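Novice: This is the structure, below, for whatever I ask next.
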Amino acid sequence: MKPAIKQIQSGSICILGIPFDQNSSFRKGPALAPERIRESYFSSASNLWSEKGLNLESINHLYDLGDINFKDNTDAFNIITTSVKTALDLNCHVICLGGDHSITLPVIEAYAQKYDCLNILDLDAHPDLYDTLDDNRYSHACPFARIMEKKLATRLVQAGIRTMNGHQREQAQKFGVEVNEMKDNNNWLDELEFKGPVYLSIDLDCLDPAFAPGVSHHEPGGMTTRNIIDIVHHLKGNLIGADIVEYNPDRDIHSMTSVVAAKLLKEIIARIYEDIV
Ligand code: MN
Ligand code: MN
């Protein structure tokens, strides 16, 4: 991963840090995530090869755009959309490191301008479909309500869900969200297929807290790390971007969750690279 000090080549994979947690409802912390995930990515405790045998150090078209600098938070979403759009205009594939989950809305605003028929696969313990939470319509509990209202995605599929309530069930029905709850058989994931471009949003609390304690909301009964890696490897469709959000270093134990985030980042980079070469 090279720093983007010179002209970025068209069609590259770009990593963008979004250190923003002002829309976290419960506790702050995810703003510190991008830096910690990078530390684990480059840690000498592991190497920079993907599981399927790609040496990530050998890729020419991989850049680190660094972190967005939020001087103040008044226009944070616009800054995020503009930053992502700049990379997409160069036909790049952007992988964003959050930040709380609210950042997915401005990221998708940029993606929807580039791709007409955008599919989203969202892995999360929570459906994040609240119309509003704590008087904040841009809360990290609301991004997919806004995305669907604005018709930014043609298809939204969610998996890992285990906190559905009455209101969010109504919202899911209203927006036609395909919700796959943990309580149901998750073997369907093997058959998961998308026509056209797919954006993958990974809220790390989709994982069971046993695998990823470094999140603000511990919700038992979740996915394994292996489940997510298998999805990244076997997902049928053209993966064009992703985000990894809700890592909260303040809650982590021995960096184990940042190592999970870094591992997922490596596998996502390799998967997108596979699709573009
Ligand atoms: Mn979420
Ligand atoms: Mn969540």
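Novice: More than 20 Å apart: what percent of Cα pairs in the stretch 6-140 qualify? All intermediate terms of the calculation are to be shown ahead of the outcome.
Specialist: Working: 4737 of 9045 pairs.
Of all Cα-Cα distances in the stretch 6-140, 52 percent exceed 20 Å.
Novice: Using θ = phi - 60° and the Karplus curve 6.51 cos²θ - 1.76 cosθ + 1.60, what whole-Hz ³J(HN,Hα) does each residue of the stretch 100-110 get, with Gly and Pro shown as x?
Specialist: Once θ is set to phi - 60°, the couplings for the stretch 100-110 become 7, 6, 4, 5, 5, 4, x, 5, 5, 4, 5 Hz.
Novice: Provide the FRET efficiency to the nearest 0.05 for the N60-N187 pair, computing r from the beta carbons and using R0 = 41 Å.
Specialist: 0.60
Novice: Please give the net charge around V259, taking every other residue with its beta carbon less than 11 angstrom from that of V259, where Lys and Arg add +1 and Asp and Glu add -1.
Specialist: Details: positive: R36, K263, K266; negative: E39, D252.
For residues surrounding V259, the net value is +1.
Novice: By a straight-distance test (C-alpha under 17 Å), which lysines pair with K114 as possible cross-link partners, with residues fewer than eight away in the same chain excluded?
Specialist: Once the sequence-local lysines are set aside, what remains near K114 is K85, K150, K151, K195.
Novice: Which of S201, L239, T224 sits farthest toward the positive end of the charge dipole of the chain, with +1 on the Cβ of Lys and Arg and -1 on the Cβ of Asp and Glu?
Specialist: The residue sitting most towards the positive pole is L239.
Novice: For K28, go through the aspartates and glutamates and keep the ones whose alpha-carbon is under 16 Å away, minus same-chain ones fewer than eight residues off.
Specialist: List returned: D100, D134, D203, D205, E246, D250, D252.
Novice: Expected output is a single nm value to one decimal: the length gained when fully extending between L48 and L133, i.e. 0.36 nm times separation in residues minus the C-alpha distance. What is it?
Specialist: That pair, L48 and L133, stretches by 26.6 nm at full extension.
Novice: Also, I was wondering about something else. Out of the trypsin sites (Lys or Arg not before Pro) in the stretch 183-277, which ones are loop residues according to DSSP with at most 14 other C-beta atoms within 10 Å?
Specialist: Listed in order of number, the matching sites are K183.
Novice: Which three numbers, in whole Å and largest first, are the semi-axes of the equivalent ellipsoid of the stretch 2-276 derived from its Cα gyration tensor as √(5λ)?
Specialist: 25, 21, 20
Novice: Express in Å², to the nearest 10, the accessible area of W188 obtained by rolling a 1.4 Å probe over the protein heavy atoms while all chains stay in place.
Specialist: Its heavy atoms expose roughly 60 Å² to the probe.
Novice: Above 18 Å lies some portion of the pair distances; for the stretch 186-253, what is it as a whole percent of all C-alpha pairs?
Specialist: Taking all Cα-Cα pairs of the stretch 186-253, the fraction more than 18 Å apart is 42 percent.
Novice: Further, regarding this structure: Name the aspartates and glutamates eligible as straight-distance cross-link partners of K71: C-alpha to C-alpha under 15 Å, and not fewer than 8 places from it in the same chain.
Specialist: D21
Novice: With every protein chain left in place, what is the accessible area of F20 in Å² (1.4 Å probe, nearest 10)?
Specialist: For F20, solvent-accessible area is about 10 Å².
Novice: I would also like to ask the following. For I161, which sequence-distant residues (separation of 5 or more, or a different chain) have an amide H within less than 5 Å of its own amide H, given hydrogens modelled in the peptide plane?
Specialist: Amide H to amide H, under 5 Å and 5 or more residues apart or across chains, I161 pairs with D124, N180, M182.
Novice: Would you work out the charge dipole size for the stretch 2-276 about its Cα centre, treating the Cβ of every Lys and Arg as +1 and the Cβ of every Asp and Glu as -1, and quote it to the nearest 20 debye? Before the final figure, lay out each step's value.
Specialist: Numbers: 26 positive and 39 negative charges, 99 e Å.
Using only the charged Cβ atoms, the result is roughly 480 debye.
Novice: In Å, what is the Rg of the alpha-carbon atoms in the stretch 51-117, and how long is Dmax?
Specialist: According to the Cα coordinates of the stretch 51-117, Rg and Dmax are 13.7, 43 Å.
The values are calculated or read from the model by the stated rules, or taken from the named source; none is laboratory data. Please read all numbers here as calculations on a predicted model, not as lab measurements. Backbone-built Cβ (ideal geometry, glycine too); neighbour counts: all protein chains shown. Heads up: the accessible areas ignore ligands, DNA and RNA and are worked out on the full protein's heavy atoms, side chains in. Shrake-Rupley method; radii C 1.70, N 1.55, O 1.52, S 1.80 Å.
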